[in-house]
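Coordinate-derived values only; no laboratory data. Quantities reported herein were computed from a predicted structural model and do not represent experimental measurements. Using ideal geometry, Cβ is built from the backbone for each residue, glycine included, and neighbour counts are taken over all protein chains shown.
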Amino acid sequence: AEEKELAKEIDDEKEEAEEKERIRKGGKPSLKKRLGMKQSIKQMLNIGNVVEAALDRQDRDQDDDAWECDFTREEILHIWAKSKAHVIVPEQKKVRRLLSKYNGEFEEYKEWEDAYALRKQLQEEQDARGGAPGLIDSSKHGATLETDIDARCREVQKEMDRAAHNSNPTMDSGVLHAASQRFPTTVLRLELERELDRLLREQVHERERAQKFLIEQDSSDEEAEDESSDSDADAANEDQSLSLRERMKRRKERRAKNRAERINAERLKDEVFNMKQRVNLENSKDDVEKEKLREIEALGPFGCRACMAHPCRWEAMVDVPKLQNRRRVLADEMHYIRMHPDAMVIESYVPISAMRGGNPKFRRVDVIHELTWEDTQLDRQIRLNGVDRELHDAYATKQEYVEVKVLHGYRTLLWVNNARKALEREHNRLVAQTFAIELVDDILEFMLEGWYFGERESQYTVAGYVPSVKKHGFVRIGNEQKNASKVAEENYLEEQAKKAEGVEFDKEKGGDPKEKTAPIEDDAQWRLTEEKAVKVGDDRDKALNSTEQTLRFGLFMLTFMYFRAMSLVKREEESWSGKADMIGNEGKDAKSKLTAERKRMIEEERAAEERRHELEQVMGRAKVGEERKRRRERAERAEAARQLYEKVRREKMEKQASADLQRLYRGHLGRKAARRWAMKKAELEAMNALMNASAITMQRVFRGYVGKLRASVVRAEMADFIAMIRMEEAAADEEEYWRTHTFARIKRDIGSFFDVYVHAAREGDNNARQYHDQLQAIEE
């Protein structure tokens, strides 16, 4: 049967190819094709039957109050595809009107369906090729920044020069963040300049610190020792009359005195140097740095420089012990899963999705992925909290070095500036990752709550504007909605606890609405009288400050423009007064008085006229030579164009001729190869069809044989099972019979007892007879 179907398919394909060739040559379709077209026309004429059925349904449902659509999906799409003028039946008109109102036109739906089919086809082709390439190359390792300041400065300077000579609007660079990124060229130049300035400042500061901690070997100690030895020798010559102990004592005192003088001199020198450094530092500071120093001094000795407050206001962003306990629970669950490698489906209530009310049954791969992902998120939160704490300590310390542990996992002593840079870089990376993950979670939560993935019942109890939870603004979908739901649940539990204690709330008290709203009105009036309408730091205060600054700046500009206008009028008072005008001064002997500005303008006009006249004379002499040169160049260009045209025409003809030769020869070779490949392909297809048919036949026979064997085994097992069931039922019936018939059971027991006794007696007699026979045989 399969071979017949295969042969039929091959014949159909041949007939279809012959039909296409006949139509292409201008012939008529075959009889079979015309019969198929008539059948299609008959099917199209069946639409009248559909219309009649719709009219019958309308007549049948006229008395019904609620309208129900009885059309199938195909009929509805057919009605929707019709134009409005071709829809006559009222039921169809109603269907088309509803579809046009809520779903739009059929053309838009058809475009969307075609686009969806095309997108699905492309996705299947892409999946067949192995999936889409990743947007992020996770296997590529990032580079490391240069730690040597001099080498880093040279690298930044080289990149800055490359950006300065780049004329493109954007360029790729990996110098700033040790990863190749695309920047606007102007922005990259500014950032590179800032980085170079920072490196130079850091280099200067490091040299100052090295100079401060450098232990200088001064030769003044040796000179002091020489002087002390000379003084000791002189003192020894003078005090020859004293005893040796007295001389040693005086010598020790002189040396202690000289040492104290040297120490005082060195201390005074250091104090003078420090004072000079402090004065130079004070003189080099700008107003912003001085203001910052004044704020730090105002904090007092125990103020926090990082928070700029007293006491410190830093708080942990997460509960670290709780997160660590959660990580231990995840580790125990992972250990349990790894200890059961044969379990493909695992029931677990530890994953976050199961704790939120999801399905507790997971595949092994899914539960391992979810537990690993949650453990990674918790580790990142703990690390971010530690980095934030150490960064706060780095900004709050007064020392020049600080101890850091979170960066590398072990304690490391770093300079404060280096520690701040490293901690800020790690802090920014962790914050960016956390923000990206929370943003994606909020988007997915918003889409889930907005029924993008289908209708579902919301798991949250708070949404929109809830003053008891959030006074200003709406509760956003995502993490804020989760926290708000927790707060609302805590408020509800607190209210229930107070109700259990007997506390009566205002909303449960009796009375008319006026009495219930009286406390609210009193509270509102108290707020209007006691509280300020504008508080420091709120939106109104910012708006008023902005308005005030704008008005001040506007008044200043008005004043400035007024005085500028007055100055201009005062300066041009004499020239604008009209005393030197020709109009109005006819017949007067008053001599016109020119201003300095007017004289300068007249002088410039005269000089310009002279320059123009001289230029015209020079250009007149050069015009004849330029005209001769122009004619010669025009003739040369025409000759060069003619030669170039001939050359290009000849090259095009040669190229076209060679292309024609190549085309003909390649077509000849291609046709020969196509004929050979067509024969080979036909052989391969025939062989493939034969092998497929043979394989299918063999599989069919073998599967039938295996199925019969399995069926016989199942029948035998079923027969054994039924026989066992019947034996158990017979035994149960017999047991029930002996339980209900006491006399018969006693009779059976007595009979069985005597049967056993008689059987035992017979066995004894048989044994004795056998023993006797054996003895006789032995005697014989």
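Rounded if a/c is under 1.5, else prolate if a/b is larger than b/c, else oblate: which is region 689-780, with a ≥ b ≥ c the root eigenvalues of its Cα gyration tensor?
Cα axes put region 689-780 in the oblate bin.
Note down the net charge around ALA306, summing +1 for each Lys or Arg and -1 for each Asp or Glu among other residues with Cβ under 14 Å from its Cβ. Walk me through the numbers on the way to the answer.
Values: positive: LYS292, ARG305, ARG313, ARG389, LYS398, ARG420; negative: GLU295, GLU315, ASP388, GLU390, ASP393, GLU424.
Combined, the nearby Lys, Arg, Asp and Glu give 0.
Please tell me which of these pairs span more than 28 angstrom C-alpha to C-alpha: LYS276/LYS398; LYS292/LYS470; LYS471/LYS514; LYS398/LYS535?
Details: LYS276/LYS398 21 Å; LYS292/LYS470 36 Å; LYS471/LYS514 25 Å; LYS398/LYS535 35 Å.
Check vs 28 Å cut-off fails for LYS292/LYS470; LYS398/LYS535.
What is the sum of charges around GLN92, taking Lys and Arg as +1, Asp and Glu as -1, for the other residues whose C-beta is under 10 Å from the C-beta of GLN92?
For residues surrounding GLN92, the net value is +3.
With charges only on Cβ, +1 for K and R and -1 for D and E, what is the dipole size of region 624-772 about its Cα centre, in debye, rounded to 20?
3200
Pick out, from ILE602, MET619, ALA635, the residue whose Cα sits farthest towards the positive end of the charge dipole of region 593-639, with +1 on the Cβ of Lys and Arg and -1 on the Cβ of Asp and Glu.
ALA635
Calculate, for VAL272 and GLN157, the FRET efficiency according to 1/(1 + (r/R0)^6) with r their C-beta to C-beta distance and R0 41 Å; round to the nearest 0.05.
That pair, VAL272 with GLN157, gives E of 0.60.
For PHE302 and VAL187 in the same chain, what is the full-extension length gain: residue separation times 0.36 nm, less their Cα-Cα distance, in nm?
On the way: separation 115, 0.36 × 115 = 41.40 nm, distance 4.11 nm.
Using 0.36 nm per residue and subtracting the Cα-Cα distance, I get 37.3 nm.
For ALA608 and LYS290, what is the calculated FRET efficiency with R₀ set at 41 Å and r taken between the beta-carbons, to the nearest 0.05?
0.15
Does region 613-705 come out rounded, prolate or oblate, given a ≥ b ≥ c as the square roots of the eigenvalues of its C-alpha gyration tensor, rounded meaning a/c under 1.5 and, failing that, prolate meaning a/b above b/c? List each step's numbers first, then the result.
Numbers: a/c = 22.10, a/b = 3.95, b/c = 5.59.
It is oblate, given that a/c is not under 1.5 and a/b is not larger than b/c.
How much length is gained if the chain between GLU111 and ARG650 is pulled fully straight, taking 0.36 nm per residue apart and subtracting their Cα-Cα distance, in nm to one decimal?
Full-extension gain reported as 188.9 nm.
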